[in-house]
Amino acid sequence: MAFNVSKLKSILFTDTDVSLAVKSAHGKLLYIGNTTVMLPEVFGFCRGVTRALALAMEAMNSTSGKIILLGEIIHNPFVNKRLMEAGVTIPDEADFKEIIRNSSNTDTIIIPAFGIEKNLEEQLQTHCKARVVDATCEDVKRIWTFVSSEKDLGRTIVLFGKPSHSEIKATLSRSLGHNCVIIIPKVASAEKLSRELTETASNKSVSLHPSKSTDPEKNGGIAVFNGHLMNPAALSLASQTTMLHSETLELTEILTDLSLAAGGTLHSCSTICRATQQRQDAALELCRENSPDLVIVIGGYDSSNTANLFRIVRSLQKSIFIEGAHCLSESHLSHHDPDSNETLIDEEMNWSEFKRIALLAGASCPSAVIGEVIRRLRQLLPH
Ligand code: SF4
């Protein structure tokens with residue numbers, strides 16, 4: 001199969017309107033009628049995403065065989081759709097093992113930016129005839145190095161992240177041995193964890209039994225593995241790369257207190273990636289310095305870093321989280337709430353009331369999608 005890589009490259013990496021805004025003499029500003037549209041200092045694709053896509057395109061350029069992605073390369077529907085349109089296959093997770101077993105030496109299998117679970121990686125090493133391209137982000141691998149050594153010490157590893165996220169699943173598979181692993185998705189859940197661990201420390205019974213506790217719905221979002229090995233005096237903390245820095249600090253404090261109370265010390269590793277941090281800082285700076293009356297956060301609804309960008313700005317300004325231009329129309333808008341995981345329809349949009357709009361884009365959002373939103377705003381805003 002011949003892949004049209006140059007077309008894909010231009011779709012994913014370039015957009016005239018975004019380039020114009022970036023080069024604007026006013027500094028990442030656009031004027032649409034009486035409305036100023038602002039972009040932050042840093043936005044869109046991070047280096048991990050750029051590298052993963054570059055590796056995928058390099059593979060497409062150098063083979064005429066099948067290209068198989070073991071999951072979405074990044075969490076952005078626009079990007080994954082374009083890759084599939086270009087001929088890349090993204091099979092169901094349930095079929096991965098069979099696909100690896102049946103691969104041929106003309107195929108290429110790509111590991112996505114979030115990485116894959118350890119047993120799948122082992123299967124690639126032992127049962128795979130295809131060429132394997134590893135697009136796992138180096139920042140994710142840094143976490144694996146930390147959790148692997150903490151696991152070998154038998155410590156209780158706390159993973160701060162979403163249990164169903166591919167990155168956390170891959171990290172969990174490298175954290176779990178003869179030790180306890182606890183996944184907590186939000187700081188509020190840490191209070192429950194704190195109570196449980198305090199009870200453990202004072203030798204009271206622990207209610208987070210492994211069988212029950214792996215159901216996060218019943219445990220305030222907490223998932224526990226090997227709960228009987230939980231040791232509050234030997235806690236180690238690693239966060240998903242895309243969590244909020246402020247929340248990670250809060251959690252570090254809670255766990256430090258718990259460890260000290262149990263007579264131990266907390267081991268932690270700074271695992272929020274630089275790209276996430278830069279986008280969060282730039283978003284906050286833009287909102288604080290310019291007080292926009294609307295913030296539009298653009299990205300895939302499964303994208304953790306985009307959801308967290310939205311969470312930090314919505315406490316400051318009226319904010320909406322959209323997937324792309326198709327969410328915006330004259331009479332209504334369709335937007336997403338990452339906490340309830342619901343897509344909402346707002347039918348009372350009055351675009352003329354917005355004079356200062358900030359556009360933020362997650363680390364997996366291509367320029368093309370940001371550009372489409374700019375062009376849609378040109379249609380919607382009065383001028
Ligand atoms: S957001 Fe961070 S961890 Fe994720 S791909 Fe980008 S650089 Fe890597």
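Distance from the alpha carbon centroid of the range 145-174 to that of the range 307-329 works out to 30 angstrom.
Hey, can you rank 104-111, 293-300 by average C-beta count inside 10 Å, highest first? The partial results should precede the final answer.
Working: 104-111: 17.6, 293-300: 24.1.
Listed from highest to lowest mean packing, they are 293-300, 104-111.
Quick one: what do you get for the range 48-137 if you divide its Cα Rg by 2.2 N^0.38 Å? So the Cα radius of gyration is 0.97 times the expected 2.2 N^0.38 Å.
Based on the convex hull around the alpha carbon atoms, the range 224-273 presents an average projected area of 3.6 nm².
Can you figure out the FRET efficiency of ASN350 with ASN119, using R₀ = 41 Å and their beta-carbon distance, to the nearest 0.05?
Computed FRET efficiency for ASN350 and ASN119 comes out at 0.15.
A simple charge model with +1 on the Cβ of Lys and Arg, -1 on the Cβ of Asp and Glu and nothing else charged puts the dipole of the chain at about 760 debye relative to its Cα centre. For HIS127 and ASN290, the FRET efficiency from 1/(1 + (r/R0)^6), where r spans their Cβ atoms and R0 equals 56 Å, is about 0.55. Placing a label point 7 Å from the Cα of LEU249 along the Cα-to-Cβ direction, the residues of the range 268-292 whose backbone N falls under 19 Å of that point are 268-289. Electrostatic tally near GLU372: other residues with Cβ closer than 15 Å to its Cβ, Lys and Arg +1, Asp and Glu -1, net +2.
Please compute the length gained on full extension between ASN34 and THR14, using 0.36 nm multiplied by the number of residues separating them and subtracting their Cα-Cα distance. If you can, show how the numbers build up before the last one.
Numbers: separation 20, 0.36 × 20 = 7.20 nm, distance 2.70 nm.
Taking 0.36 nm per residue and subtracting the Cα distance, the gain is 4.5 nm.
Here the alpha carbons of the range 292-383 define both size measures, Rg and Dmax, at 12.2, 36 Å. Gyration tensor over the Cα atoms of the range 214-353: the corresponding equivalent ellipsoid has semi-axes (square roots of 5 times the eigenvalues, largest first) of 36, 18, 12 Å.
Along the axis of the charge dipole computed for the chain (Cβ charges of +1 for Lys and Arg, -1 for Asp and Glu, origin at the Cα centre), the listed residues ILE184, ILE320, ALA238 are led at the positive end by ALA238. With R₀ set to 35 Å, the beta-carbon distance separating MET84 from GLN278 gives a calculated FRET efficiency near 0.70. Relative to the longest principal axis of the Cα atoms of the chain, the long axis of helix 304-314 makes an angle of roughly 70 degrees. What do you get for GluC sites (Glu not before Pro) in the range 298-381 restricted to DSSP loop and a cutoff of at most 14 other Cβ within 10 Å of the site's Cβ? Loop-located and lightly packed - GLU330, GLU347, GLU348.
With only the Cα atoms considered, the chain has a convex hull volume of 138 Å³ per residue. Relative to the current alpha-carbon distance between ARG142 and ASP95, full extension at 0.36 nm per residue lengthens the span by 14.1 nm.
For the range 12-75, GluC sites (Glu not before Pro) meeting the loop criterion (DSSP other than H, G, I, E, B) and having at most 13 other Cβ atoms within 10 Å: GLU41. Scaling against 2.2 N^0.38 Å puts the C-alpha radius of gyration of the range 134-178 at 1.10. Across GLY362, GLY44, GLY177, mean-square fluctuation computed from a Gaussian network of the chain (C-alpha pairs under 10 Å connected) peaks at GLY177.
Measuring from a point 7 Å past the Cα of THR63 along Cα-to-C-beta, which residues in the range 112-134 have an amide N at less than 11 Å? Those under the cut-off are 129-134.
Highest GNM mean-square fluctuation among ILE68, ILE345, ILE222, for the chain modelled with Cα contacts below 10 Å: ILE345.
Note on the chain: with a GNM built from Cα contacts shorter than 10 Å, the maximum mean-square fluctuation among THR14, THR50, THR306 falls on THR14. Each Lys or Arg adds one and each Asp or Glu takes one away; over the other residues whose Cβ falls under 15 Å from the Cβ of ILE320, this sums to -4.
Principal-axis analysis of the Cα atoms of the chain puts helix 138-152 at an angle of about 10° to the longest axis. Spin-label model, SER340 to LYS23: label points 7 Å out along the Cα-to-beta-carbon direction sit 4.4 nm apart.
Taken one residue at a time, the phi angles of the range 162-167 give Karplus couplings (6.51, -1.76, 1.60, θ = phi - 60°) of 8, x, 8, 6, 4, 5 Hz. Gly and Pro are set to x. Using the Cβ of VAL88 as centre and a radius below 10 Å, the other residues enclosed give a net charge of +1, where K and R count +1 and D and E count -1.
Since every read-out is calculated from the coordinates, none of them should be taken as a lab result. Source: prediction; values computed, not measured. Because the Cβ atoms are built from the backbone with ideal geometry, glycine has one as well, and the counts that use them run over all protein chains shown.
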